[in-house]
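For reference, the structure discussed in these notes is given below.
The values are calculated or read from the model by the stated rules, or taken from the named source; none is laboratory data. A quick note: this is a predicted structure, and the numbers were derived from the prediction, not measured. Cβ: placed from backbone, ideal geometry, glycine included. Neighbour counts: every protein chain shown. For accessibility, only protein heavy atoms count, side chains too; no ligands or nucleic acids. Shrake-Rupley method; radii C 1.70, N 1.55, O 1.52, S 1.80 Å.
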Amino acid sequence: MFLRIIKIILLLSINIGLIIVLNTKFGSIPPLGKLLDPFNGFWQNSEIKIADKFQTQLKGLTSQDAKVSYDSTLIPHIYAENDKDLYFLQGYVTAQMRLWQMEFQTHAAAGRLSEVIGKNKNVLKYDRFQRRKGLTWAAENFLKKSLENQISKIQLNAFSKGVNAYIDKLSYKEYPLEYKLLDYKPESWTPLKSALLLKYMADMLSIGENDFEYTNALKQLGRKDFDYLFPDMLDLQDPIVNGTTKWDFDSVTIKKPEINYPLIEDSNTNLENASIETPDPDNGSNNWAIGPSKTKSGNPILCNDPHLGLNLPSIWFTIHLKSPEVNVMGASIPGAPNVIVGFNDSIAWGVTNAKRDVVDWYKITFKTGEKKEYLYDSTWHEVREKIEEIKVRGQRPYYDTVNYTHWGPIVYDESFTPNFDKNGYSMRWTAHDESEELLTFYYLNRANNYSDYLEAIKYFSAPAQNIVFASHNGNIALWVQGKFPNKWEEQGKFVMDGSKSEYKWEKYIPQKHNVYTKNPERGYVSSANQHPVDSLYPYYNFDSHYEYYRNRRINRVLDSLDNITVQDMMRLQNDNFNLMASESLPAFMEKINPDSLNSIQKSVFIELKKWNYFNDANEIGASYFEEWFNQVYKLTWDEFRSDTLSLKAPNKTNTIKLIIENPTYKLFDISDTPKKETADDIIKIAYQNAVEKVEEWKKETLKKPTWALYKATYLQHLSRISAFSKEVKIGGNRGIVNATSKRHGASWRMVVELTPNGPEAWGIYPGGQMGSPGSKYYDNMIENWVKGNYIPLNLSFNPRENINETITTQYFKK
């Protein structure tokens, strides 16, 4: 009996211990008991379906008649009787399909990932950087202004209530899989979270300036060489507006102070070595609108494909919103109300990033090492100190002190980037200011004509966008819209002295003076992140990342076409012609003597000679060219690699120009060799290096170096869990209309023809409507996106008439 009791006690102890172990999180491993529970764990996420839910009662609805029908691609068509219910259901449905993504991105924006991930120095660095950039402060300023307007207030509050209505009904069993894997639960949604998402996009699209890099380069090179290597605009550029608009207004003049750059000593830090993940400077897009005179049908056609990081779940969420006041369809941002890029019964619109320097940096002079006061116009001013508490899962909180000046937050100092000097650098950014961008989309969703479009876009401040427009009555237009400081020449191109008021933004360019074009004689408008305007425009404009290739290719194709069809425009969005290669490869090939090559090098030379300049998926020549150019660029600008200074090399376009026009320029000399090299030498050495590198890749992978395989485009899950990510075989690259690189590309493609009987529209994006990796709708659009196919976007969708295209319908009542 005694031994039996002992056995029972031991078995109970083992079981209790096992229960404790299985329900405890160890490091990054979730509690396995909860995760493996067949009734509530990850098994319940193997397939997520939107089930029929007749007469579902939702607290927060104001009417008895609301429904959501899902078509064959799981696009929700929301029907409501008023705005409150419309945005309430948009919040509910978006959360139902994308909750984890919505919340995770707000955590990323606010610098709260350590709360979820736990102790990780790179994650903590990221959280600190987000806090130091003041994204939450920017969101709070946006929200303060937006909530003063009744329209924005209704949208934000209704959307939040809808999200919470979904969250409140969730049990652990129904949590999205990522919550179970990371072992945390969703928190209540607030309007601030929607604001954070909008500022997250602003951060992604407008923070890519090179003030520190240019300051260091100017100091190292001197003014003559700096201007030669970094011209504001090259002659071959084709701006968005190129002599087609008369600027018949009196511009607002400002006085330029007497200055001599650089204003400060070396900004001696290397941001790359600081392990700070900064936004991709090539985040951009294509958009264009064709007028009736150039289309086969006589109807205007509008096209848009925003280029962003290739993530899963997808950045966009396709949705149809219909009430007595609005009927609109297109791409929304999961977590914010309205359609962001889309069309209604009367108009269509799209956006590309308007490259413009709206972030400036000021060096701060502190009175003492305590940094309580800073100098401004011979007077000491108090800093505003904000203690940021960064919660770290399983650890004590990390506290970071962020000082604010009247310029904005001091992002860089020795506590954050130890190799900075001890004076801080304060950030001035238009997105920190109060704004109400939500009104732009509210009014665009309801716009009927050009006048309505103009009224809508005036509320848009940041990130600056090229907003293209087309209407059913034949008008086409494009405005470069944003809140632009009226800068004197080169203001903000370099780091400025924060102790003097003469370097502040005195005024802003009046909105009605922004760059625009309407119904130009050539029959189309277009933008692809190039310079906004020619030299006739009376205001200074500058950015360090203007595009030179996609825009020229688009315009050349559009110039060559008449009787344009929707199919023509779909082909153009997927165009893989490499304009940069066509303008550089012939010159490179001339420098290579085939007789001096070994057998492998000679076969590559032949491959390149027969290549047609298209970066199609199965092309081998594209792989060798891209690697060759990468090696040329790397060897040419070896002087710009530094462990102590943050530097930026000249752009690719000017690099090619220098190779062709000035091959003996002094910086072609490779600094760590005794020989004095020229561009010709660089090209020959780079060719050998490129062939060798591709050969090594072939040996490692045992594959042919087709462009799709060599480029290896990768759609990465936001959690970076590889099992939820996906490799795809697709052509294109940076600088190509189909701008698909390894981790970047067309996040949404849309083509809309505005016919007299209503819009006919098509769209596609790399992913699917559902955020759950267990759903067949998680990635079901990827194959069509790769192939250049589209799905129809039906603004007149009716579940009764389109019964074969309807998966299910949810009915809701208050």
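Across segment 147-156, a minimum of one residue is classified as of a type outside the set (A, V, I, L, M), closer than 26 Å to Glu437 by Cα, part of a helix (DSSP H, G or I) and open to solvent by 30 Å² or more (accessible area, probe 1.4 Å).
Determine if segment 76-84 includes at least one residue that is touching a helix residue (DSSP H, G or I) at 6+ places or on another chain (Cβ under 8 Å) and in a helix (DSSP H, G or I).
Yes, that holds for at least one residue.
Of the candidates Glu389, Glu385, Glu437, the single residue that is acidic (Asp, Glu), modelled with pLDDT of 95 or more and open to solvent by less than 30 Å² (accessible area, probe 1.4 Å) is Glu437. Within segment 159-174, does at least one residue satisfy the condition of being touching a strand residue (DSSP E or B) at 6+ places or on another chain (Cβ under 6 Å) and not aliphatic (A, V, I, L, M)? Checked against the condition, which is being touching a strand residue (DSSP E or B) at 6+ places or on another chain (Cβ under 6 Å) and not aliphatic (A, V, I, L, M), segment 159-174 yields no hits at all.
For segment 747-790, residues that are open to solvent by 10 Å² or more (accessible area, probe 1.4 Å), outside any loop (DSSP other than H, G, I, E, B) and touching a helix residue (DSSP H, G or I) at 6+ places or on another chain (Cβ under 8 Å) total 3.
Note on segment 392-422: among residues that are farther than 27 Å from Ile117 by Cα and among the charged types (D, E, K, R), the one that is modelled with the lowest pLDDT is Lys422.
Selection within segment 283-309: residues that are part of a strand (DSSP E or B) and in contact with a Pro (Cβ under 7 Å, 6 or more places away or on another chain). The member of this set that is nearest to Asn344 (Cα to Cα) is Ala289.
Candidates are the residues of segment 791-814 that are charged (D, E, K, R), touching an Asp or Glu at 6+ places or on another chain (Cβ under 9 Å) and not in a helix (DSSP H, G or I); the one that is least open to solvent (accessible area, probe 1.4 Å) is Lys813. Considering segment 528-555, and only residues there that are in contact with a helix residue (DSSP H, G or I) (Cβ under 9 Å, 6 or more places away or on another chain) and over 23 Å from Lys487 (Cα atoms), the residue that is surrounded by the most Cβ atoms within 10 Å (Cβ to Cβ) turns out to be Ala528.
Across segment 556-566, what is the total count of residues that are open to solvent by 30 Å² or more (accessible area, probe 1.4 Å) and either within 27 Å of the chain's Cα centre (by Cα) or over 14 Å from Glu760 (Cβ atoms) (or both)?
Of all residues in segment 556-566, those open to solvent by 30 Å² or more (accessible area, probe 1.4 Å) come to 556, 559-563, 565.
This time we only want the ones that are either within 27 Å of the chain's Cα centre (by Cα) or over 14 Å from Glu760 (Cβ atoms) (or both), so: 556, 559-563.
Looking only at that region, the number is 6.
Of the residues examined, Met97 is not one that is within 20 Å of the chain's Cα centre (by Cα) and among the hydrophobic types (A, V, I, L, M, F, W, C). When we screen Val533, Val525, Val566, Val557 for residues that are β-branched (Val, Ile, Thr) and in contact with a Pro (Cβ under 8 Å, 6 or more places away or on another chain), the only hit is Val533. Take the residues in segment 485-508 that are hydrophobic (A, V, I, L, M, F, W, C), part of a loop (DSSP other than H, G, I, E, B) and open to solvent by less than 20 Å² (accessible area, probe 1.4 Å), then tell me which one is farthest from Phe226 (Cα to Cα). Per the criteria, the residue is Trp488.
In this structure, is Ile659 β-branched (Val, Ile, Thr) and modelled with pLDDT of 95 or more? Walk me through how you get there before you give the answer.
Numbers: β-branched (Val, Ile, Thr): yes; modelled with pLDDT of 95 or more: yes.
It is true that Ile659 is β-branched (Val, Ile, Thr) and modelled with pLDDT of 95 or more.
Of the residues in segment 474-484, not one is open to solvent by less than 20 Å² (accessible area, probe 1.4 Å), among the polar types (S, T, N, Q) and closer than 30 Å to Phe366 by Cα.
Just so you know, in segment 660-689 the residues that are open to solvent by 10 Å² or more (accessible area, probe 1.4 Å) and among the aliphatic types (A, V, I, L, M) include one that is nearest to Val604 (Cα to Cα), and it is Ile685.
Answer with yes or no whether Phe588 is among the aromatic types (Phe, Trp, Tyr), open to solvent by 40 Å² or more (accessible area, probe 1.4 Å) and out of contact with any Cys (no Cβ under 7 Å at 6 or more places or on another chain). Even if it seems obvious, please write down each step before you answer.
On the way: among the aromatic types (Phe, Trp, Tyr): yes; open to solvent by 40 Å² or more (accessible area, probe 1.4 Å): no; out of contact with any Cys (no Cβ under 7 Å at 6 or more places or on another chain): yes.
Judged against the criteria, Phe588 is not a match.
Pairing residues of segment 640-668 that are over 13 Å from Phe230 (Cβ atoms) with residues that are in a loop (DSSP other than H, G, I, E, B) and of a type in the set (A, V, I, L, M), at Cβ distances under 7 Å and at least 6 apart in sequence or on separate chains, gives Ser646/Leu271.
Any chance segment 166-173 includes a residue that's aromatic (Phe, Trp, Tyr) and assigned to a loop (DSSP other than H, G, I, E, B)?
no
Which ones in segment 368-381 are exposed (fewer than 13 other Cβ atoms within 10 Å of the Cβ) and either charged (D, E, K, R) or on the phi > 0 side of the Ramachandran plot (or both)?
Narrowing segment 368-381 to residues exposed (fewer than 13 other Cβ atoms within 10 Å of the Cβ): 368-370, 377-379.
Glu370, Asp377, Ser378 - these are the residues of segment 368-381 that are exposed (fewer than 13 other Cβ atoms within 10 Å of the Cβ) and either charged (D, E, K, R) or on the phi > 0 side of the Ramachandran plot (or both).
The residue pairs whose first member lies in segment 701-714 and is in contact (Cβ under 8 Å) with a residue 40 or more places away in the chain, whose second member is of a type outside the set (Ser, Thr, Tyr) and part of a helix (DSSP H, G or I), and whose beta carbons are closer than 7 Å, counting only pairs six or more residues apart or on different chains, are Pro705/Val694; Pro705/Trp697; Pro705/Lys698; Trp707/Ala622; Tyr710/Trp697.
When you scan segment 181-190, how many residues do you find that are crowded, with 23+ Cβ neighbours inside 10 Å and either in a helix (DSSP H, G or I) or modelled with pLDDT under 95 (or both)?
Of the residues in segment 181-190, the ones crowded, with 23+ Cβ neighbours inside 10 Å are 189.
From what's left, either in a helix (DSSP H, G or I) or modelled with pLDDT under 95 (or both): none.
Of the residues in that region, 0 qualify.
Sub-8 Å Cβ pairs linking a first residue in segment 159-183 that is touching a residue at least 60 places away in the same chain (Cβ under 8 Å) to a second residue that is surrounded by 16 or more Cβ atoms within 10 Å (Cβ to Cβ) and among the basic types (Lys, Arg), at least 6 apart or interchain, are Ser160/Lys193; Tyr172/Lys34; Tyr172/Lys180; Lys180/Lys34; Asp183/Lys25; Asp183/Lys34, ordered by first then second residue.
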